[in-house]
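Trainee: After the structure tokens below, expect a handful of questions from me.
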Number of protein chains: 2
Amino acid sequence: MSLVVQKYGGSSVADADSIKRVARRIVDTRKAGNQVCVVVSAMGDTTDELHDLAAAVSPAPPQRELDMLLTAGERISAALVSMAIANLGDSAKSFTGSQAGVITDDVHGKARIIDITPGRIREALDAGHIVIVAGFQGVSQTTKEITTLGRGASDTTAVALAAALGADVCEIYTDVDGVFTADPRIVPSARKIDRISNEEMQEMAASGAKILMLRCVEYARRFNVPIHVRSSFSHREGTWVVDNTSADKQGEEGVEDPIIAGVAHDRSEAKITIVGVKDSPGVAAKIFQTVATAAINIDMIVQNVSALDTGLTDISFTLPKGDGQRAVEVLNAEKDDIGFDQLQYDDQVGKLSLVGSGMRSHPGVSATLFQALADNGINIEMISTSEIRVSVVTKDDQLDDAVRAVHSAFGLDSSEGEAVVYGGTGR
Amino acid sequence: MSLVVQKYGGSSVADADSIKRVARRIVDTRKAGNQVCVVVSAMGDTTDELHDLAAAVSPAPPQRELDMLLTAGERISAALVSMAIANLGDSAKSFTGSQAGVITDDVHGKARIIDITPGRIREALDAGHIVIVAGFQGVSQTTKEITTLGRGASDTTAVALAAALGADVCEIYTDVDGVFTADPRIVPSARKIDRISNEEMQEMAASGAKILMLRCVEYARRFNVPIHVRSSFSHREGTWVVDNTSADKQGEEGVEDPIIAGVAHDRSEAKITIVGVKDSPGVAAKIFQTVATAAINIDMIVQNVSALDTGLTDISFTLPKGDGQRAVEVLNAEKDDIGFDQLQYDDQVGKLSLVGSGMRSHPGVSATLFQALADNGINIEMISTSEIRVSVVTKDDQLDDAVRAVHSAFGLDSSEGEAVVYGGTGR
């Protein structure tokens, strides 16, 4: 018998009616002959509301207590979904992350999954029950305390459970039709992608695409779990995220695989430029050692060619906006040791990323990208590339135009008013 | 070092400000040199709201799932109270009922406490932490599932924890000043009682007084835990519920102990009268066997003297209103076997109970009671007595007047406008 793992996000279980709709879909999946294990997020804005409650009693609550508080949200939705399923005549049991065997490290608030030991789940499934698991939570291997896995981790829980249970598929239900070639809110002509390789999806997620968390995709890749991202408000096929060999296969006769999967964008980073450093060995090492010691993660790094007369150069890098202040502080503290004229901090930047495994074998992608940006008067501040991704940093207020221009330039625009299934050729 | 167990009800933790106020009180108790273990109910109307959510997705939810859902409420308040305490610079840890070692039977929705194994709590207390326990919940000894203990059980959890931890006192915080000689909403001149024996408190609770649940008082009696019922909105002394020997001691010279502790009332019962049964051995047994087989609990029973000419009589009894319909059905089903003319069902009755350990040694209490009722035109439908309690059943619409009349007749009225400490003589 096949096993389907499904995950429903907060908007899919936002109120009683949504919960009943989701219960119907789960029961239909069961009736089609599958064992079904479901991971649910908290209803609607519950997690935010609980955070607000916490802030009202304490500006800096202990992390252990915050986890005790936040886990109430998924507990509530898991129990309600079970009840709704029972009301349809089927049998369901809800489990907390701890009961489901989600074992984590002890870092409250952003615990990482160490292992999943789904014994109780397997038992319940084999006894004929539908299983509902509270997402976003687990139990610490060492301290036995309840932990939360960080924002967006219900997807990761679902994929991890699917891997541990050997499920045939992990269906991620959300409030959009699937993964799009770009954010439809910025690019109205974006298309829903039918199939994308998990390698490309990983790059999209790492580059800012919010549809699936990076952790979740990494997990799926590692354990070879097929993901189907789809809408909980319709029965249309969504986007299949599968391993490279499946996605790269030739489609129907005459239709080539797309070179470019999509265009992601990211506004979460800031840029720091260290002006007037000596262009000599060891300087860069000192800079990034200083930043690393402060536990700050760096994204893109660019070093300009040094001026011939001065032997000085500038080094720029991007980092999460939230870490910007601290990075400036620690670098300024080491100013004499590193040796620079000044620091420039710019949090009005945005990053655009073109992703496609076809890049490997198709030259000219960068050229087309730069031409499209130039044609639209968009200035490039930084560039970085990987095998299947090209990223550029622009001014924040130019980012949306840039994404639209690039989307069109690579033939990704839907020919109709709204997004449709992508089946065109790579132009 | 002394150990204080405190319990805060829903109205005491209804919102962020209340929670901060409660945290301050807890910290003050700690700073006074006590170890402190706190049991909390869910915030305000949370439990009702969760019940409503459940009803919105299912008219008859599985009990296991209802318990998973409802326990979210206490989890939230326990975590928030811990955070508020941490914000005041002290250290607190929250625990679920399961983590606190509250072991129960497996009856979801109204589980009974089998045992309390507070190892983790003791550890945390000895490590210097304030401990906050989510009330109303435990874990089943056999099935390991999360259970809820039935309404009002946070008081019972607190007393049971106090017993298991060997606490010096169990403080029950509520939104009134203590136990009153009658319900102040019916008798404005009711007084707050300083000290009441747990034997009397048990009768008051069994007779309808809602300030403390009967189970809680029974537990306190059995394990000899002193209870202090007080307001979370002031620092005034409340009502001490202590063992008989402490309460019966002579007060100051010239002041006798009160004969009567108070007047309780109860509107939750209905009366069934079986008209025209044969006054012969075995008939009553058949009637109450029928009712018992339907798992219905009976309260008061009255059999009239049979009519000389017919040898027939009537038997009346009271039972919870919710069971009335079913009782009528099962009795009618056995009509031929029992043998009666008709059944009368009356759910417009009320019960008044006079409670006082002094009754044992003071004759004339019943006479005073009946006189007071007669003087006020109140008809008595049924009477039942125990060593320290006299109960009468009246028409529902006469109950409030009856309570006020009896309260006055026994000198319980406060001489001032509002309730004061009772210290008068038994008149």
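Trainee: If you check B:Thr313, B:Thr318, B:Thr273, which single one turns out to be crowded, with 17+ Cβ neighbours inside 10 Å, within 28 Å of B:Arg389 (Cβ to Cβ) and under 24 Å from the mean Cα position of the chain (by Cα)?
Mentor: Result of the check over B:Thr313, B:Thr318, B:Thr273: B:Thr318.
Trainee: Also: Please return the ranges of helices (runs of 4 or more DSSP H) entirely within segment B:107-206 where 2 or more residues are within 24 Å of A:Ile76 (Cα to Cα) and either modelled with pLDDT of 95 or more or of a type in the set (A, V, I, L, M, F, W, C) (or both).
Mentor: In segment B:107-206, no matching helices (runs of 4 or more DSSP H) lie anywhere.
Trainee: Only one residue in B:Ile338, B:Ile388, B:Ile378 is under 29 Å from the mean Cα position of the chain (by Cα), surrounded by 19 or more Cβ atoms within 10 Å (Cβ to Cβ) and over 25 Å from B:Gln202 (Cα atoms). Which one?
Mentor: That would be B:Ile378, the only listed residue that is under 29 Å from the mean Cα position of the chain (by Cα), surrounded by 19 or more Cβ atoms within 10 Å (Cβ to Cβ) and over 25 Å from B:Gln202 (Cα atoms).
Trainee: Could you pull out the residue among A:Ala153, A:Ala134, A:Ala158 that is out of contact with any strand residue (DSSP E or B) (no Cβ under 7 Å at 6 or more places or on another chain), touching a residue at least 60 places away in the same chain (Cβ under 8 Å) and open to solvent by less than 10 Å² (accessible area, probe 1.4 Å)?
Mentor: The conditions single out A:Ala153.
Trainee: Take the residues in segment B:98-114 that are open to solvent by less than 10 Å² (accessible area, probe 1.4 Å), touching a Ser or Thr at 6+ places or on another chain (Cβ under 7 Å) and among the small types (Gly, Ala, Ser), then tell me which one is farthest from B:Asp52 (Cα to Cα).
Mentor: So, considering only residues that are open to solvent by less than 10 Å² (accessible area, probe 1.4 Å), touching a Ser or Thr at 6+ places or on another chain (Cβ under 7 Å) and among the small types (Gly, Ala, Ser), the one farthest from B:Asp52 (Cα to Cα) is B:Gly101.
Trainee: Same structure again: Given the conditions (1) over 23 Å from B:Ser408 (Cβ atoms); (2) buried (at least 18 other Cβ atoms within 10 Å of the Cβ), and given that B:Asn304 satisfies all but one, which numbered condition is not satisfied?
Mentor: Single failed check for B:Asn304: (2).
Trainee: Which is surrounded by fewer than 23 Cβ atoms within 10 Å (Cβ to Cβ) and under 22 Å from A:Pro320 (Cα atoms), of A:Glu237, A:Glu203, A:Glu218, A:Glu145?
Mentor: It is A:Glu218.
Trainee: In segment B:32-54, which residues are more than 13 Å from chain A (Cβ to nearest Cβ), on the phi < 0 side of the Ramachandran plot and in contact (Cβ under 8 Å) with a residue 24 or more places away in the chain?
Mentor: Result: B:Asn34, B:Gln35, B:Val36, B:Cys37, B:Val38, B:Val39, B:Ser41, B:Asp45.
Trainee: Does segment A:79-111 hold any residues that are more than 7 Å from chain B (Cβ to nearest Cβ), under 28 Å from the mean Cα position of the chain (by Cα) and among the aliphatic types (A, V, I, L, M), and which are they?
Mentor: A:Val81, A:Ala100, A:Val102, A:Ile103, A:Val107, A:Ala111
Trainee: Another question, then. Residues that are under 22 Å from the mean Cα position of the chain (by Cα) and part of a loop (DSSP other than H, G, I, E, B): does segment B:44-64 have at least one?
Mentor: yes
Trainee: In segment B:55-77, what residues are open to solvent by less than 10 Å² (accessible area, probe 1.4 Å), of a type in the set (Gly, Ala, Ser) and at the interface with chain A (Cβ under 7 Å from one of its Cβ atoms)?
Mentor: Of everything in segment B:55-77, those that are open to solvent by less than 10 Å² (accessible area, probe 1.4 Å), of a type in the set (Gly, Ala, Ser) and at the interface with chain A (Cβ under 7 Å from one of its Cβ atoms) turn out to be B:Ser58, B:Ala72.
Trainee: Would you check which residues across segment A:350-366 are farther than 17 Å from A:Arg404 by Cα and of a type in the set (A, V, I, L, M, F, W, C) and list them?
Mentor: A:Met359
Trainee: How about segment B:318-348: which of its residues are assigned to a helix (DSSP H, G or I) and within 25 Å of B:Leu399 (Cα to Cα)?
Mentor: B:Lys321, B:Gly322, B:Asp323, B:Gly324, B:Gln325, B:Ala327, B:Val328
Trainee: Need the failing condition index for A:Ile315 against (1) touching a Leu at 6+ places or on another chain (Cβ under 9 Å); (2) in a strand (DSSP E or B), just the number.
Mentor: Status for A:Ile315: all satisfied but (1).
Trainee: State whether the residues of segment B:213-226 include one that is on the phi > 0 side of the Ramachandran plot, within 14 Å of the chain's Cα centre (by Cα) and outside any helix (DSSP H, G or I).
Mentor: No, there is no match, as no residue in segment B:213-226 is on the phi > 0 side of the Ramachandran plot, within 14 Å of the chain's Cα centre (by Cα) and outside any helix (DSSP H, G or I).
Trainee: Here's another thing I want to ask about it. With (1) more than 12 Å from every other protein chain (Cβ to nearest Cβ); (2) touching a residue at least 24 places away in the same chain (Cβ under 8 Å) as the list, and A:Ala127 as the residue in question, which single condition is left unmet?
Mentor: With respect to (1) more than 12 Å from every other protein chain (Cβ to nearest Cβ); (2) touching a residue at least 24 places away in the same chain (Cβ under 8 Å), A:Ala127 is out only on (2).
Trainee: Return only the number of the condition from (1) in a helix (DSSP H, G or I); (2) open to solvent by 70 Å² or more (accessible area, probe 1.4 Å); (3) touching a residue at least 12 places away in the same chain (Cβ under 8 Å) that B:Asn297 does not satisfy.
Mentor: Result: B:Asn297 passes all but (1).
The values are calculated or read from the model by the stated rules, or taken from the named source; none is laboratory data. Note that the structure is a prediction, hence the values are computed from the model and not measured. As a convention, Cβ positions derive from the backbone with ideal geometry for all residues, glycine included, and neighbour counts pool all protein chains shown. To get the accessible areas, we keep the full protein, side chains included, count just its heavy atoms, and leave off ligands, DNA and RNA. Shrake-Rupley method; radii C 1.70, N 1.55, O 1.52, S 1.80 Å.
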